[in-house]
């Protein structure tokens, strides 16, 4: 049985719109990362994406929706990449430490998100909901719960030696994001990834057998 022509056309149109949205989001991430939410203009995002202003407003209701889409896309990309790398490791101890390495690597590769996060929240987790939108907040919360589950599994294996698994997970995420936020504001001569071994060493010491 053949597929109706109008259904095929609708599917093609949806794919084209999705690709166009993805292109605009990629351009907007760069502009928001450089100029912040207040400084960025939809007109310059449209020009950089080689679209008319009306075309961009046909894809997004306004700057706020576009901003949230940028955050949501980047956060989802980082979450998926970190989870993929960490879940490929077999040992729970390697997994919890792997979160550190992978997060630093992803932040370095997604500096636009890091700049937006740092400038919008000043690295303070309690300001995330105020600034980044509920969709992005749900991603951050889901990622946090995933790290807590890894730490809880390590606790069951006797690998955290009396430490609270939730506190351990939150400490790891907080240390990495704060270190990364400070770096994006004052990068100096070192790559962000060079901070990973120093942070990892702290938590390796915490996880050493007593």
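Evaluating residue 64 against the criteria (1) closer than 28 Å to residue 205 by Cβ; (2) assigned to a helix (DSSP H, G or I); (3) modelled with pLDDT under 95 leaves one unmet condition, (1).
Which count do you get for residues in the range 144-159 that are part of a helix (DSSP H, G or I) and surrounded by fewer than 20 Cβ atoms within 10 Å (Cβ to Cβ)? Let's see the steps before the verdict.
Residues of the range 144-159 part of a helix (DSSP H, G or I): 144-156.
From what is left, the residues that are surrounded by fewer than 20 Cβ atoms within 10 Å (Cβ to Cβ) are 144-146, 148-149, 152-153, 155-156.
Within the range 144-159, residues that are part of a helix (DSSP H, G or I) and surrounded by fewer than 20 Cβ atoms within 10 Å (Cβ to Cβ) number 9.
Within the range 93-104, is even one residue without any contact (Cβ under 8 Å) to a residue 40 or more places away in the chain, buried (at least 19 other Cβ atoms within 10 Å of the Cβ) and either under 30 Å from residue 153 (Cα atoms) or in contact with a strand residue (DSSP E or B) (Cβ under 8 Å, 6 or more places away or on another chain) (or both)? Write out each step before concluding.
Kept after step one, since they are without any contact (Cβ under 8 Å) to a residue 40 or more places away in the chain, are these residues of the range 93-104: 94, 98, 102.
Applying the additional criterion that residues be buried (at least 19 other Cβ atoms within 10 Å of the Cβ) yields 98, 102.
Those still in the list that are either under 30 Å from residue 153 (Cα atoms) or in contact with a strand residue (DSSP E or B) (Cβ under 8 Å, 6 or more places away or on another chain) (or both) too: 98, 102.
Taking every residue of the range 93-104 in turn, at least one turns out to be without any contact (Cβ under 8 Å) to a residue 40 or more places away in the chain, buried (at least 19 other Cβ atoms within 10 Å of the Cβ) and either under 30 Å from residue 153 (Cα atoms) or in contact with a strand residue (DSSP E or B) (Cβ under 8 Å, 6 or more places away or on another chain) (or both).
Given the structure, is residue 56 in a helix (DSSP H, G or I), buried (at least 16 other Cβ atoms within 10 Å of the Cβ), in contact (Cβ under 8 Å) with a residue 12 or more places away in the chain and within 22 Å of the chain's Cα centre (by Cα)?
On the way: in a helix (DSSP H, G or I): yes; buried (at least 16 other Cβ atoms within 10 Å of the Cβ): yes; in contact (Cβ under 8 Å) with a residue 12 or more places away in the chain: yes; within 22 Å of the chain's Cα centre (by Cα): no.
Criteria not met by residue 56.
In this structure, does residue 69 turn out to be over 27 Å from residue 206 (Cα atoms) and free of Cβ contacts under 8 Å to residues at least 40 places away in the same chain? Here the answer is no, as residue 69 does not meet what is asked.
So that you can scan it fast, the table gives a plain yes or no per residue for (1) closer than 26 Å to residue 65 by Cα; (2) modelled with pLDDT of 85 or more; (3) surrounded by 13 or more Cβ atoms within 10 Å (Cβ to Cβ); (4) in contact with a helix residue (DSSP H, G or I) (Cβ under 7 Å, 6 or more places away or on another chain):
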| site | (1), (2), (3), (4) |
| --- | --- |
| 128 | yes, no, yes, yes |
| 135 | yes, no, yes, yes |
| 161 | no, no, no, no |
| 179 | no, yes, yes, yes |
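In this structure, is residue 188 over 14 Å from the mean Cα position of the chain (by Cα), more than 21 Å from residue 66 (Cα to Cα) and at pLDDT 80 or above? Taking the combined requirement at face value, the residue does not satisfy it.
Could you pull out the residue among 81, 20 that is under 30 Å from residue 98 (Cα atoms), touching a helix residue (DSSP H, G or I) at 6+ places or on another chain (Cβ under 7 Å) and assigned to a helix (DSSP H, G or I)?
On the way: 20 fails: under 30 Å from residue 98 (Cα atoms).
Selected residue: 81, the only one of 81, 20 that is under 30 Å from residue 98 (Cα atoms), touching a helix residue (DSSP H, G or I) at 6+ places or on another chain (Cβ under 7 Å) and assigned to a helix (DSSP H, G or I).
Looking at the range 106-119, is at least one residue outside any helix (DSSP H, G or I) and at pLDDT 80 or above? It would help to see each step written out before you state the result.
Residues of the range 106-119 that are outside any helix (DSSP H, G or I), as a first pass: 110.
Going one step further and asking which of them are at pLDDT 80 or above, we end up with 110.
Within the range 106-119, one or more residues are outside any helix (DSSP H, G or I) and at pLDDT 80 or above.
Kindly establish whether residue 16 is closer than 25 Å to residue 185 by Cα and exposed (fewer than 12 other Cβ atoms within 10 Å of the Cβ). When the stated conditions are applied, residue 16 does not pass them. The set of residues in the range 164-207 being touching a residue at least 12 places away in the same chain (Cβ under 8 Å), under 17 Å from residue 151 (Cα atoms) and in a loop (DSSP other than H, G, I, E, B) consists of 207 alone. Candidates are the residues of the range 23-53 that are assigned to a loop (DSSP other than H, G, I, E, B) and touching a helix residue (DSSP H, G or I) at 6+ places or on another chain (Cβ under 6 Å); the one that is farthest from residue 134 (Cα to Cα) is 49.
The values are calculated or read from the model by the stated rules, or taken from the named source; none is laboratory data. Keep in mind that what you see is a predicted model, and the values were worked out from it rather than measured. So basically every Cβ, Gly included, is an ideal-geometry build from the backbone, and we count neighbours across all protein chains shown.
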